[in-house]
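The structure appears right after this line, and notes come after that.
Only the coordinates and a few stated rules stand behind these numbers; no lab work does. These figures come from a predicted structure and were not determined experimentally. Reconstructed Cβ throughout: ideal geometry from the backbone, glycine too, with neighbour counts over all protein chains shown.
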Amino acid sequence: MSNEATERVHILIIGSGPAGYTAAIYAARANMKPVLYQGIQPGGQLTITTEVENYPGYPDGIQGPEMMVNFEKQAARMGADIRYGLATKVDFSQQPYKVWIDEEKLIEADAVIISTGASAKWLGLPSEERLNGFGVSACAVCDGFFFRGKDVAIVGAGDTAAEEAIYLSKLCTTVHMFIRKDKMRASKVMQDRVLNTPNIKVYWNTDTEEILGEHKTEGVRIKNNQTQETQVIPVSGFFVAIGHQPNSDIFKEYIKMDETGYILTEPGTSKTNLEGIFAAGDVQDKNYRQAVTAAGSGCMAALDAERYLSAKGLA
């Protein structure tokens, strides 16, 4: 690789959801001249969300894509260098840290903030993709409010699915919960809570065949994978809770993670196991996964990075 393709930066931010953009705002205001690469989905998961009603400061709510445009504009106004491009490979074996963008451009950075987010796992149905944002959602806490007093369905068998089903049961008339096997993976206490909630109806050995509706979700067709019987259930919302996959694969060789790929950070900080590398947002948060918590952790990462660079005499 020729030297022409190499660029040295103070602080590199990988990813552009609430965490990445907030980190860029703080780093730019601290005159650290951050460079941010937006990744494969500029703006992150919020760009596939419609109405956001639970982010403070928007009394009338805001559309997810519009909110991310605002985040980006604010970061740019502060002086962040925001670029299209995907980090495809890293070498964190020595400093300065190396990150390749789109397999060709090499960035060398004194500090790196990883804010690559996580991607919801989906069932892979064409109808699910078509109705995403029109009654289909991967976040009950984000979108459950819109289905107050209505019937909804949720698919999943782990703790997250159980928590989301209970959350929805407080808002919705009936929650139809589809479980592929004859038992749940959720912890015993969560299973008991689900089974003892009167308006959660559990369907065992059940596969989702299709989500019904032309322009909005109107129902779901399910099949019992033992009897092969199918049935249609009218619902206004369909929630997928089969897990999230953190976008952390390219860092696996260097950064400590849990068994599912979430980056481990020192409690109360954004620090990873490597000095000068920080993680923020959903790539390191499997518990909350909210825009406001991601933004908060982006702020932490920028402040941690600033302190690190100052201590090294690089800021």
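Hydropathy at least -1.0 by Kyte-Doolittle, axial extent at least 18 angstrom from the Cα trace: which helices of the chain, defined as entire DSSP H runs, fit?
64-78, 291-311
Tell me which cysteines of the chain come out unpaired when the rule is another cysteine's Cβ under 4.7 Å.
172, 299, each lacking another Cys Cβ under 4.7 Å.
Antiparallel DSSP bridges in segment 122-240: what percent, to the nearest 5?
Of the beta bridges lying entirely in segment 122-240, close to 40 percent run antiparallel.
Just the Kirkwood number for the chain, please: inverse of mean 1/r across all distinct Cα pairs, in Å, one decimal.
That comes to 20.7 Å for the chain.
Give a residue-ordered list of calculated ³J(HN,Hα) values for segment 253-266 (Karplus: 6.51 cos²θ - 1.76 cosθ + 1.60, θ = phi - 60°; whole Hz; x for Gly, Pro).
These are the phi-based 3J(HN,Hα) values: 5, 10, 9, 6, 9, 7, 5, 9, x, 6, 5, 8, 10, 4 Hz.
Principal axis extents for segment 250-315, Cα atoms only, whole Å, descending order, please.
36, 29, 20
Once the other residues with Cβ under 13 Å from the Cβ of residue 248 are scored (Lys, Arg +1; Asp, Glu -1), what is the net sum?
-3
Could you order peptides 237-250, 79-92 by the average number of other Cβ atoms within 10 Å of their residues, highest first?
Going by the mean number of other Cβ atoms within 10 Å, highest first, we get 237-250, 79-92.
Using +1 on the beta carbon of Lys and Arg, -1 on that of Asp and Glu, and nothing else charged, what's the dipole of segment 122-240 about the Cα centre, debye to 20?
320
Per 5 Å bin, what percent of the C-alpha pairs of segment 27-106 does each bin hold, from zero upward?
3, 14, 17, 18, 18, 16, 7, 5, 2, 0
Under 5 Å between amide hydrogens, which residues at least 5 positions from residue 63 or on another chain qualify, with H placed 1.01 Å from N in the peptide plane?
The list, which skips near neighbours in sequence, is 52.
Provide the net charge surrounding residue 239, with neighbours chosen by a C-beta distance below 9 Å and charges set as Lys +1, Arg +1, Asp -1, Glu -1.
Once all neighbours under 9 Å are counted, the net charge is -2.
Using r as the Cβ-Cβ distance of residue 29 and residue 8, and R0 as 22 Å, what FRET efficiency do you calculate, to the nearest 0.05?
Using R0 = 22 Å, I get an efficiency of 0.55.
If we sort 259-270, 157-168 on the protection proxy, mean other Cβ atoms within 10 Å, highest first, what's the order?
157-168, 259-270
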